[in-house]
Amino acid sequence: MPMIEVQNLTKRYRDRIAIDQLTFSVNEGEILGFLGPNGAGKSTTMKILTGFLPPSEGTARVAGFDVFTHPLEVKRRIGYLPETPPLYPEMTVHGYLKFVASLKQLPGRGVKAEIDRVAGLTGLTDVMGRIIQNLSKGYKQRVGIAQALLGSPPVLILDEPTEGLDPVQRSELRALIRGLAGKHTLILSTHILPEVTMTCEKVLIIHQGKIAAYDAIQKLASVHGQPESASLEEIFIKLTAA
Ligand SMILES: Nc1ncnc2c1ncn2[C@@H]1O[C@H](COP(=O)(O)OP(=O)(O)OP(=O)(O)O)[C@@H](O)[C@H]1O
């Protein structure tokens, strides 16, 4: 069953078309790798899916709810890590996660356990009392991921989640993301292509606002006339040249 359904989605900023007639879907429990060069329209798509930006045309549904007509229902079901996580630098990690839990209206009784759970998953347990602005970039990124996971929403939309992490943290996060598949439906945007090969079943490549590829990773090479041995990077460069 599709958990995310996008049809003919178009967004114009004045006379600039950021995304043009995108149609795709993500089944429940699936991870979709969402790729494209800078300015291709990835963040715009994710902002529409999370109810932060209205589309100009077309529709997007999350868990059966239209993102435009039912944004609150949609927001309740999505954990979103934007490109720039919405952190409050003067708060402690614990204070911030507690604050996000209240925004998400998580039931009071389970909040402490839920904060401990996401802190454990993202490796934040030892820094819960620290002020966010004093944390390293990688730890700030983990706080951004932790807030997305709070409440265990069925859909997770992660915009460059491994940005700023060191190689060890990256590999830990990849394992975490893989572990989320099945229970959650994910859209994962990243510029690190091997990460997609390691984590995702399906990939959507957009280029200049249009879909350049939308296939299972194993089929990508043959569908686009590339040798079987071609890496995702080679296919990506080929499809997004010019
Ligand atoms: N608020 C805005 N007003 C006008 N144009 C915008 C606005 N936001 C984005 N754009 C334009 O829309 C296009 C798509 O931008 P978007 O940020 O969605 O791309 P992206 O794929 O996320 O890029 P990146 O990988 O660099 O983050 C770009 O041409 C961008 O300049």
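The values are calculated or read from the model by the stated rules, or taken from the named source; none is laboratory data. The shown structure was predicted, so the numbers you read here are calculated from the model rather than taken from an experiment. Cβ coordinates were reconstructed from backbone atoms using ideal geometry, including for glycine residues, and neighbour counts include every protein chain displayed.
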Given the condition crowded, with 18+ Cβ neighbours inside 10 Å, away from the ligand (no atom under 15 Å from the Cβ), of a type outside the set (Ser, Thr, Tyr) and over 22 Å from residue 120 (Cα atoms), answer yes or no: does some residue in region 36-56 qualify?
yes
Residues (of a type outside the set (Gly, Ala, Ser) and on the phi > 0 side of the Ramachandran plot) located in region 206-242:
208
Does any residue in region 176-198 that is on the phi < 0 side of the Ramachandran plot and surrounded by 18 or more Cβ atoms within 10 Å (Cβ to Cβ) come within less than 6 Å, Cβ to Cβ, of a residue that is hydroxyl-bearing (Ser, Thr, Tyr) and not in a loop (DSSP other than H, G, I, E, B) six or more places away or on a different chain, and which pairs are these?
177/199
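Please state which one of 237, 157 is outside any loop (DSSP other than H, G, I, E, B), within 16 Å of the ligand (Cβ to nearest atom), of a type in the set (Val, Ile, Thr) and touching a residue at least 24 places away in the same chain (Cβ under 8 Å).
Numbers: 237 fails: touching a residue at least 24 places away in the same chain (Cβ under 8 Å).
It is 157.
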Some residue of region 155-175 being at pLDDT below 85 and touching a Ser or Thr at 6+ places or on another chain (Cβ under 7 Å):
yes
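Please list, ordered by residue number, the strands (runs of 3 or more DSSP E) wholly in region 4-123 having 3 or more residues that are in contact with a Pro (Cβ under 9 Å, 6 or more places away or on another chain) and in contact (Cβ under 8 Å) with a residue 60 or more places away in the chain.
On the way: elements: 16-27, 31-35, 57-62, 78-81.
It comes to 16-27, 78-81.
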